[in-house]
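What follows is a single structure, written as structure tokens, with notes after it.
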Amino acid sequence: MNNPSAPAAAGHCGWPSSTPRRRAVVACALLAALALGGCHDFSGDEQRQADVVDNFYRIHLKANAPGLPASDELRQLQPLVSPALNTLLTQAEAAENRYHGLAGNQAPPLVEGDLMTSLYEGATSFSVQSCETDEQCASCQVQFRYRKDGSDEAWNDKVLLVQHERQWRIDDIEFIGLDQSSHREYLSDALADAIAQVD
């Protein structure tokens, strides 16, 4: 999936891959990277971006729930996401509530599997590997690992951020996990699809 167009929620940050950016690369030993030990070496804005991404996924992995985030998770994520992404998340939650009101609670969810990573099963651990800044936009490479019930999968996804009221906020997620994504290319597209199923 190599759609060059900007995703719906990340309208500020749809860079082509050739755009030069300021880069802060995590200097981790190979074993630490494999273990997703979280070896960080950021400075300035990159550290603030990495902190937002880190908090986002700590909340998400703690919730450990597939599909669309529940109300409690949404409340915790709200300070970490852009207004555009927050709107999509709340609209998708409302759409799922309407859907189950019409179809009943026994109906399958609008979104199945983990919503915030490429792998359907989600992740059991993660580490922010690098962040890149381009004026009011940024992206962070996040390494994930799923180790459970004999499975061992590792992949990277890209988190896109924008500045909002002088704070870095997550604006979208690009699922780049070795062609194993169970979603569309971007989180915003997956959410828009879920909303469209009910509208």
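The values are calculated or read from the model by the stated rules, or taken from the named source; none is laboratory data. Small disclaimer: the values here were computed from a predicted structure and weren't measured. Because the Cβ atoms are built from the backbone with ideal geometry, glycine has one as well, and the counts that use them run over all protein chains shown. SASA here: full protein model, heavy atoms, side chains in, ligands and nucleic acids out. Shrake-Rupley method; radii C 1.70, N 1.55, O 1.52, S 1.80 Å.
Take residues that are more than 14 Å from the chain's Cα centre (by Cα) and either over 19 Å from LEU85 (Cα atoms) or β-branched (Val, Ile, Thr) (or both) and tell me which of the strands (runs of 3 or more DSSP E) falling wholly in region 100-194 contain 1 or more.
Values: elements: 125-134, 137-148, 151-164, 167-174.
Qualifying strands (runs of 3 or more DSSP E): 125-134, 137-148, 151-164.
Name the one entry in SER139, SER188 that is modelled with pLDDT of 95 or more, of a type outside the set (Val, Ile, Thr) and under 29 Å from LEU102 (Cα atoms). Give the derivation first.
Details: SER139 fails: under 29 Å from LEU102 (Cα atoms).
The conditions single out SER188.
Against the conditions (1) assigned to a strand (DSSP E or B); (2) under 23 Å from ASP51 (Cα atoms), where does ARG75 fall short? Just the number, please.
(1)
Return the only residue of ALA70, ALA10, ALA94 being closer than 28 Å to ARG166 by Cβ, open to solvent by less than 80 Å² (accessible area, probe 1.4 Å) and either at pLDDT below 95 or not aromatic (Phe, Trp, Tyr) (or both).
Working: ALA70 fails: closer than 28 Å to ARG166 by Cβ; ALA94 fails: closer than 28 Å to ARG166 by Cβ.
Among ALA70, ALA10, ALA94, only ALA10 is closer than 28 Å to ARG166 by Cβ, open to solvent by less than 80 Å² (accessible area, probe 1.4 Å) and either at pLDDT below 95 or not aromatic (Phe, Trp, Tyr) (or both).
Can you find a residue that is closer than 22 Å to ALA70 by Cβ, free of Cβ contacts under 8 Å to residues at least 12 places away in the same chain and of a type in the set (D, E, K, R) anywhere in region 186-199?
Checked region 186-199: at least one residue is closer than 22 Å to ALA70 by Cβ, free of Cβ contacts under 8 Å to residues at least 12 places away in the same chain and of a type in the set (D, E, K, R).
Residue-wise test of (1) out of contact with any Asp or Glu (no Cβ under 8 Å at 6 or more places or on another chain); (2) within 29 Å of PHE42 (Cβ to Cβ); (3) open to solvent by less than 60 Å² (accessible area, probe 1.4 Å).
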| residue | (1), (2), (3) |
| --- | --- |
| PRO79 | yes, yes, no |
| ASN86 | yes, yes, yes |
| HIS100 | yes, no, yes |
| GLN106 | yes, no, no |
| GLU112 | yes, no, no |
| GLY122 | no, yes, yes |
| ASP152 | yes, yes, no |
| ASN156 | yes, yes, yes |
| GLU165 | yes, yes, no |
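Given the conditions (1) surrounded by fewer than 20 Cβ atoms within 10 Å (Cβ to Cβ); (2) in contact with a Cys (Cβ under 7 Å, 6 or more places away or on another chain), which single one is not true for CYS137?
Going through (1) surrounded by fewer than 20 Cβ atoms within 10 Å (Cβ to Cβ); (2) in contact with a Cys (Cβ under 7 Å, 6 or more places away or on another chain) one by one, CYS137 breaks only (1).
Could you grab me the full set of residues in region 49-67 that are surrounded by fewer than 17 Cβ atoms within 10 Å (Cβ to Cβ), modelled with pLDDT of 95 or more and in contact with a strand residue (DSSP E or B) (Cβ under 9 Å, 6 or more places away or on another chain)?
ASP51, ARG58
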